[in-house]
Amino acid sequence: MPLIPPHLRSPGPDNPFPGIWVLKRRLGQEIPHRLGSNEGLDMPHRALREHFGDAMVEHVYCYGDAEALGVRERLSKTQGFDLDSLLVDAGCDSLLALVLRATAPTGSTVVSSAGTYPTFGYFAKGQGCRLIEVDYEETAEHLAPDIDALIRAAHDEQAQLVYLANPDNPTGYVHPKQSVERLRRELPQDCWLLLDEAYHDFRDDAADPAFARALPGVIRCRTMSKAHGLAGLRIGYAIAEPEVIELLMKVRIHYAVSTLTLAAAEVVLDAPDETRTHIEGVLKRRDRLTRHFRELGADVLPSATNFIGIRLKDADLAKQVHADLLNDGKLIARPAHPALGHVLRITAVADALEPGRLARLERAVTEGL
C-alpha cells in the first residue's frame, strides 16, 4: 500500500464533530432535542417545499455547475460582491480545508485561538501543518479571540496563515471590522488571514457594504447552513481577490457541490424575505434565551451568532451538566478544548425555549449544582 505521511501515522487528529447520527449510535438512544448544533432548524422552507416535489429527481442525473454561476450571480446581486471574487464549495468546512491546501503546505506554521472552531485545527494537523494556539482574552465582560496575541504569534512563529472566526464559535464574540483590518495590517506581509464568517448573517452590521469587498491577503469563508437552513445540503462560499480565487480553483474538487444543492440554494436565495424573517426570529429567540438565563444569574456571553454561550464556574460543572442533559436526550454543545471547557453553547431554536427543557442547566446556574 502507499506510504502514509509521518504526520498521519500517530493517533489523531480525530474528527471534532462526528455528527448526531454517530452520537446516537454510540449512545444507543435517540436525541430528540437538538439544542446545540446551530443549524437553521426553525427555517420553514416554504419556498423549497413549493418548488420541489417529484422535480427533485431531475437534479440528480448530471454533475452540477463546477463554477456555481447561478449561486454566485445571486450572491453578487443581493450582497454586492464582485462575481469574480466568489467561489462556491461544499460548506464552510470544505472551504477551510481548501484554503489550507492552497496556502499552507505541509510543514507550514499556522496560528489560531486555543478553543476556537476546532475543525480548522483538525484540518491543519491532518495536512501536517504546525499549529500554534494562543489564549483567548477573558474578562468579566467577554471571552474573545485575542487580536494582539494572534499578531505576536504570527511574527514570533513566522506563520504562513492566521485563522480567526468572526463572529467566534463557540463564544459568539464579534470583532468590529476595524479590529480585523488592524489584524491584517499588522500581520507579516507574507502571512495569509483566513476569516471564518460562518455566523456573519447574525451580526448587527451584516448588511454593511464594506463586507462585500475582497481584501488583499484575506480569504473569507461563509456558509448557507445557518441563516439559510441548508446544513444538510453542504454549501458555502469564499470571498477573496480574483487572483486568489483562481489559486483556490487549482486545488478544488471540481464537483464538490451537488446539482440538487445548487438548485436548492438558488431557490432560497430567490426568496430573501423568508431568510430575513428567519434571521429576525433567531435574533428574537437568542435575546429571549439571553434574558432568561441572565435573570437567573447566569454569565451569558455577548453573542452575534445564532447561539448563546454560558460560562459556568468551572469546567467540571459544565462537563456534568452537559452529560446530564445528553443522558436526558438533550444535546447542547461544550467545547472540547480545555481552555473553554467551562462554556456551554445553546442554539437559539424554539425547542430551547420550552419550559423545563433546560432545567438541569437552570439549576446549575441558580444553585451551582
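D205 passes all but one of (1) in a loop (DSSP other than H, G, I, E, B); (2) surrounded by 21 or more Cβ atoms within 10 Å (Cβ to Cβ); (3) at pLDDT 95 or above; which number fails?
So the condition that D205 fails would be (2).
Which pairs do you get when a residue that is closer than 14 Å to T366 by Cα, found in region 313-324, comes within reach of a residue that is surrounded by 14 or more Cβ atoms within 10 Å (Cβ to Cβ) and of a type in the set (V, I, T), reach meaning Cβ atoms under 8 angstrom, with the pair 6+ apart or on two chains?
Note: pairs meeting the criteria are A318/V343.
Of all the residues that make up region 95-121, how many are among the hydroxyl-bearing types (S, T, Y) and within 15 Å of the chain's Cα centre (by Cα)?
So the answer is 5.
Can you confirm whether region 346-356 contains a residue that is assigned to a loop (DSSP other than H, G, I, E, B), modelled with pLDDT of 95 or more and polar (S, T, N, Q)?
No, region 346-356 contains no residue that is assigned to a loop (DSSP other than H, G, I, E, B), modelled with pLDDT of 95 or more and polar (S, T, N, Q).
Quick one: which residue in A214, A227, A207, A198 is free of Cβ contacts under 8 Å to residues at least 60 places away in the same chain and of a type outside the set (D, E, K, R)?
A207
Only one of L353, L344, L331, L317 is buried (at least 23 other Cβ atoms within 10 Å of the Cβ), on the phi < 0 side of the Ramachandran plot and in the same structural domain as I279 (by TED's automatic domain parsing); which?
L344
Does C221 qualify as being under 17 Å from T305 (Cβ atoms) and assigned by TED's automatic domain parsing to the domain that holds G107?
yes
Kindly indicate whether A336 is under 20 Å from the mean Cα position of the chain (by Cα), assigned by TED's automatic domain parsing to the domain that holds S37, surrounded by fewer than 23 Cβ atoms within 10 Å (Cβ to Cβ) and touching a residue at least 12 places away in the same chain (Cβ under 8 Å).
When the stated conditions are applied, A336 passes them.
The values are calculated or read from the model by the stated rules, or taken from the named source; none is laboratory data. The structure presented is a predicted model; accordingly, all values stated were derived computationally and were not measured. Cβ coordinates were reconstructed from backbone atoms using ideal geometry, including for glycine residues, and neighbour counts include every protein chain displayed.
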